[in-house]
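So the structure is just underneath, and the comments pick up after that.
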Amino acid sequence: MVNQKANYMGLELRSPVIVGANNLVKNTDNLKKIEDAGAGAIVYKSLFEEQVMLENLELSERKTEYNERHAESVTVFPEVITDGSEIEEHLIALRKANETVSIPVFGSLNAVYDESWVEYAKKLEETGIAGLELNFYTVPEKFDTGSEAIETRQVNTLKAVREAVKIPIAVKLSPFYSNPLKLIADLDKAGANAFVLFNRLFQPDIDVETEEPHFPYNLSHREDNRLPLRFSGLLYGNINASICASSGILSGTDVIKMILAGADTVQVVSALYLSQIDVISRMLNETEAWMESKDYDALDDFRGKLSRKRSGDKLPYHRAQYMDFVMTTSEILKKYRVVG
């Protein structure tokens, strides 16, 4: 039998498939199913500082809505301190999740303020998690904020968290940087133990009938894995941190591709929603069958085989636009059934 153990952030995982942060992991039964299906680790649902702040604001507004409507009534409700209650609930749930399964459980953090990153990271570490995933991204809103300022702040945030906690730290990035490789190299030097590539950011839509914003689910498609595949192939052998490919990982074939490119592990979320939790065991069975057919005993036997560093063909990682000599127009039309 082949060995599918993977090394991630210095931790030995029994398989390369990690379940990314999502709502399914809030259910104890689902956690056990994920473990039984063969997942190597679980990233618990993210702690969003913005959401905590919004919930506190909404509660405060509801409490004060009818205040001072009578000359003798200043307030309707007694003062209740709510700051931190949502965070405490999250920490309790995370601790319970960590105690429910034997595989590593990682915390996930989306903070806003510099102080919050450090404060929440410490609280998450205290729950006994095996590692921490920091979600770094910036939504373009301001015209006067330069890329250097954004990236410098994120590097400094990582340094501050790295000094504050002892557990391994993964950084989950979006692809929307001028040069993601430069930022990853800087974060690697600053102490990141892994990179998760890439974060799927919320993208707004518009309902033309109601002429209002629309908020659809943002599940990934198989074609989405080409971007993490490219960057896994570029990063392999060039950074100290582990590489985790995310987005569009829906089958065992996708897992194999990412490891051939250079990834240590993969993260799955959409696959669970589309095909249920059992898809994890199917992925691992497909990977095992392929490894046996190729006489590979372990993942390291073929990891990075098609990376830029190990592959003799530099072209796939160098070119960015379509090339006429790769596929003729007639071949393209035939492939996508436009012509017979």
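The values are calculated or read from the model by the stated rules, or taken from the named source; none is laboratory data. These figures come from a predicted structure and were not determined experimentally. Counting neighbours? That spans all protein chains shown, and the Cβs are built from the backbone with ideal geometry, glycine included. Surface areas here come from the heavy atoms of the whole protein model, side chains and all, with no ligands, DNA or RNA. Shrake-Rupley method; radii C 1.70, N 1.55, O 1.52, S 1.80 Å.
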Review point. Per-residue HN-Hα couplings for the range 32-39, Karplus 6.51 cos²θ - 1.76 cosθ + 1.60 at θ = phi - 60°, whole Hz, x for Gly and Pro?
Key: 5, 5, 4, 5, 5, 6, x, 4
Study note, to complete from the structure: Carbon and sulfur atoms account, in whole percent of the 1.4 Å probe accessible area of the range 167-312, for 48
Point to revise | Shape call, the range 176-293: gyration tensor on alpha carbons, a/c limit 1.5 | key: oblate
Review point. Mind checking the dipole of the range 120-182: about its Cα centre, +1 per Lys or Arg Cβ, -1 per Asp or Glu Cβ, Debye to the nearest 20?
Key: 160
Revision key, fill the gap. Amide H contacts under 5 Å for SER246, restricted to residues at least 5 apart in sequence or on another chain and with H modeled in the peptide plane, are LEU197, PHE198, GLN267
Review point. Which order do ASP300, ASP207, ASP278 take by accessible area at a 1.4 Å probe, largest first?
Key: ASP300, ASP278, ASP207
**Study point:** ³J(HN,Hα), Karplus 6.51/-1.76/1.60, whole Hz, each residue of the range 23-29, x for Gly, Pro
**Key:** 6, 4, 6, 6, 9, 4, 4
Exercise for review: Taking all protein chains together and a probe of 1.4 Å, list HIS90, HIS221, HIS318, HIS214 from the most accessible to the least accessible.
Suggested key: HIS318, HIS221, HIS214, HIS90
Revision key, fill the gap. Placing each pseudo-label 7 Å from Cα in the direction of the beta carbon, SER275 and ASP186 end up separated by a distance in nanometres of 3.8
Check your understanding: How high is the FRET efficiency between SER147 and ASN218 when r is their beta carbon distance and R₀ equals 30 Å, given to the nearest 0.05?
Key -> 0.75
**Study point:** Accessible heavy-atom area order of ILE34, ILE150, highest first, probe of 1.4 Å
**Key:** ILE150, ILE34
Exercise for review: List the trypsin sites (Lys or Arg not before Pro) within the range 117-216 that fall in a DSSP loop (any state other than H, G, I, E or B) and whose Cβ has at most 13 other Cβ atoms within 10 Å.
Suggested key: LYS142, LYS166
Check your understanding: Considering only ILE150, ALA170, ILE184, whose Cα is most displaced toward the positive end of the charge dipole of the range 137-193, charges sitting on Cβ of Lys, Arg (+1) and Asp, Glu (-1)?
Key -> ALA170
Revision key, fill the gap. Given a 1.4 Å probe, the accessible area of the range 126-190 per residue, as a whole number of Å², is 54
